[in-house]
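Below: the structure, in structure tokens.
The values are calculated or read from the model by the stated rules, or taken from the named source; none is laboratory data. In this text, all values refer to a predicted model and were calculated from it rather than measured experimentally. With ideal geometry, Cβ positions are generated from the backbone for all residues, glycine too; neighbour counts draw on all protein chains shown. For accessibility, only protein heavy atoms count, side chains too; no ligands or nucleic acids. Shrake-Rupley method; radii C 1.70, N 1.55, O 1.52, S 1.80 Å.
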Amino acid sequence: MSRLRSRRRYLQLLGSASLGVAGCLGRDGGSPSPTTEATTTDEPTTTYGPTSGPDERVTATPPGDPSLSPSGTWPQYRFDAGNTGYNPDVSVPADAEEYWRLNAGGTPVLDGDRLYNLHGRGRDRRALVRRDPATVAERAATPLVGYGVNSPPAVAGDRVVVTTFIEAFCLAADRDEVLWRGPEMDGIHGPPAVGDGVAVVSGGGFDGVPTQLRAFELADGSERWRYDLESDAKGAPAVADGAVFVVTGDAVHAVDLATGERRFRGEARTSEWTTPVATPEAAYLSTRGDELLALAPTDGTELWRSPGSGAPVVADDVLHVTVDGETATLSRDDGREAAARFAGAPHARAREAVLVSDEQGRLAAYDTGEERQLWAHQTPEVQVADVISRGVAAAVPVDGAVYVVAADGFHGLGPARD
């Protein structure tokens, strides 16, 4: 199998593209909770390729046709509060094809019959949108603020939490309503982690603003605790087994979820953009030296280290991590390679299938048990001004569908039809 050259920027893109990018740093002037009537916007449907606009991305708007038949959940960034990227309860199609490709916003999360994401190009990208998972038709939208909003949101029961550069918003899952917002904590770069009735947010880096980890009660937004990070932390936090893990440029911190007390602080030569992955058995993070560390979640003792870049996808007894541009499968016990490699970097795993993509915008599904490719989907390159872009930012699997956010738009893949 051909080995692709590893590029740090590409791996950083795959590790953090779903986090979104903070926009302007201005505030919205303390305006009241921004809610609107649910609306559906009829726009002309155009197709793919060069357009009259500044780029060549797809401009077709929802609803997509034909309809997908999805079921299952993917409730937050990398599936769960631990960022494992693994859903053992859904299966990707054994053979897949594209049903539609649309201008339908950023990385989605799903919970049953609802899909949530931020608006797409040419729309208000600072609005949370509730959509039909079959066609991504818009059901309701809630504008948020006049500056940067992070993607994706996190859904928990009847609530959805999304972070802006300054604060967290908690919205009703089924209607256009803000339940609570705030308080201000400038410097939020990533999505929240939601677990055990708590939303954890990292205010991780902005000039002159203290870097803090904060926990808010999901029910009413009251602050449970705050923890000083001492230096920038711009990745997403991870929650597992009663602890919160977050990475700064020189350390990994573990904090008790109930009290905010420090469990441990371990020095690590890593990046402030690193997103850790946590399970009850271990916490995982990659270093600037392209090594993957496995740490004991109780005291930070190093369990093992192995070559690896980016946030791994962690399954039951193995994990998948990028090594030299390929997806390597490692034993969770000792970090040794346990199977053949697959071309590309890992996004997600559903039961036995792992989804990977390469720098040419090709997404592929591999059966990890049989070590064979199930199918592949090529996303096109696009031109924005004088820059050519290509790549897959996120792949979200559920039963009956895979949602792909790529440089050219939002793809809905379903089972191959006769």
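Only one of (1) in contact (Cβ under 8 Å) with a residue 24 or more places away in the chain; (2) polar (S, T, N, Q); (3) more than 24 Å from residue 302 (Cβ to Cβ) fails for residue 222. Which number is that?
Of the numbered conditions (1) in contact (Cβ under 8 Å) with a residue 24 or more places away in the chain; (2) polar (S, T, N, Q); (3) more than 24 Å from residue 302 (Cβ to Cβ), the odd one out for residue 222 is (1).
Could you check region 280-326 and list, in sequence order, the residues that are β-branched (Val, Ile, Thr) and more than 18 Å from the chain's Cα centre (by Cα)?
Within region 280-326, 287, 298, 301, 318, 323 qualify.
Just to check your reading of the model, which residue among 179, 171 is in a strand (DSSP E or B), open to solvent by 10 Å² or more (accessible area, probe 1.4 Å) and in contact with a strand residue (DSSP E or B) (Cβ under 9 Å, 6 or more places away or on another chain)?
Residue meeting the stated conditions: 179.
For (1) closer than 23 Å to residue 204 by Cα; (2) among the small types (Gly, Ala, Ser); (3) in contact (Cβ under 8 Å) with a residue 40 or more places away in the chain, each residue gets a yes or a no:
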site: 106; (1), (2), (3): yes, yes, yes
site: 113; (1), (2), (3): no, no, no
site: 125; (1), (2), (3): yes, no, no
site: 131; (1), (2), (3): no, no, yes
site: 143; (1), (2), (3): no, no, yes
site: 149; (1), (2), (3): yes, no, yes
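Are any residues in region 325-340 open to solvent by less than 50 Å² (accessible area, probe 1.4 Å) and not small (Gly, Ala, Ser), and if so, which ones?
326, 327, 329, 330, 332
Could you pull out the residue among 364, 315, 343, 278 that is open to solvent by less than 10 Å² (accessible area, probe 1.4 Å), in contact (Cβ under 8 Å) with a residue 40 or more places away in the chain and under 25 Å from residue 401 (Cα atoms)?
One residue alone meets the criteria, 315.
When residues of region 283-312 are filtered for being of a type in the set (A, V, I, L, M, F, W, C), buried (at least 19 other Cβ atoms within 10 Å of the Cβ) and within 26 Å of residue 340 (Cβ to Cβ), how many remain?
Within region 283-312, residues that are of a type in the set (A, V, I, L, M, F, W, C), buried (at least 19 other Cβ atoms within 10 Å of the Cβ) and within 26 Å of residue 340 (Cβ to Cβ) number 5.
Examine region 74-82 for a residue that is among the acidic types (Asp, Glu), at pLDDT 95 or above and farther than 19 Å from residue 139 by Cβ, and state whether such a residue exists.
Yes, there is a match, as at least one residue in region 74-82 is among the acidic types (Asp, Glu), at pLDDT 95 or above and farther than 19 Å from residue 139 by Cβ.
Do any residues in region 259-275 that are open to solvent by 80 Å² or more (accessible area, probe 1.4 Å) have Cβ atoms under 6 Å from those of residues that are basic (Lys, Arg), where the two are at least six apart or on different chains, and which pairs are they?
Matching pairs, first to second residue: 269/288; 273/234.
Would you please name the residue that is surrounded by the most Cβ atoms within 10 Å (Cβ to Cβ), looking only at residues in region 182-203 that are touching a residue at least 40 places away in the same chain (Cβ under 8 Å) and hydrophobic (A, V, I, L, M, F, W, C)?
Step by step, filter region 182-203, then rank; the result is 193.
Which ones in region 217-248 are within 17 Å of residue 189 (Cβ to Cβ), touching a Phe, Trp or Tyr at 6+ places or on another chain (Cβ under 9 Å), open to solvent by 10 Å² or more (accessible area, probe 1.4 Å) and not acidic (Asp, Glu)?
234
Looking at 409, 335, 391, which is the one that is of a type in the set (Gly, Ala, Ser) and either touching a Cys at 6+ places or on another chain (Cβ under 9 Å) or more than 18 Å from residue 85 (Cβ to Cβ) (or both)?
Going through 409, 335, 391 in turn, the sole match is 409.
Please count how many residues of region 104-143 are in a loop (DSSP other than H, G, I, E, B), over 18 Å from residue 401 (Cα atoms) and either out of contact with any strand residue (DSSP E or B) (no Cβ under 6 Å at 6 or more places or on another chain) or open to solvent by 20 Å² or more (accessible area, probe 1.4 Å) (or both).
7
Please determine, by comparing only the residues of region 383-406 that are charged (D, E, K, R) and not in a strand (DSSP E or B), which one is modelled with the highest pLDDT.
It comes out as 390.
Assuming residue 206 fulfils every condition listed in (1) hydrophobic (A, V, I, L, M, F, W, C); (2) touching a residue at least 60 places away in the same chain (Cβ under 8 Å); (3) under 20 Å from residue 155 (Cβ atoms) apart from one, which condition is it?
Failing condition for residue 206: (3).
As an exercise: evaluate residue 321 against (1) under 16 Å from residue 243 (Cβ atoms); (2) assigned to a strand (DSSP E or B) and give the number of the one condition it does not meet.
Every listed condition holds for residue 321 apart from (1).
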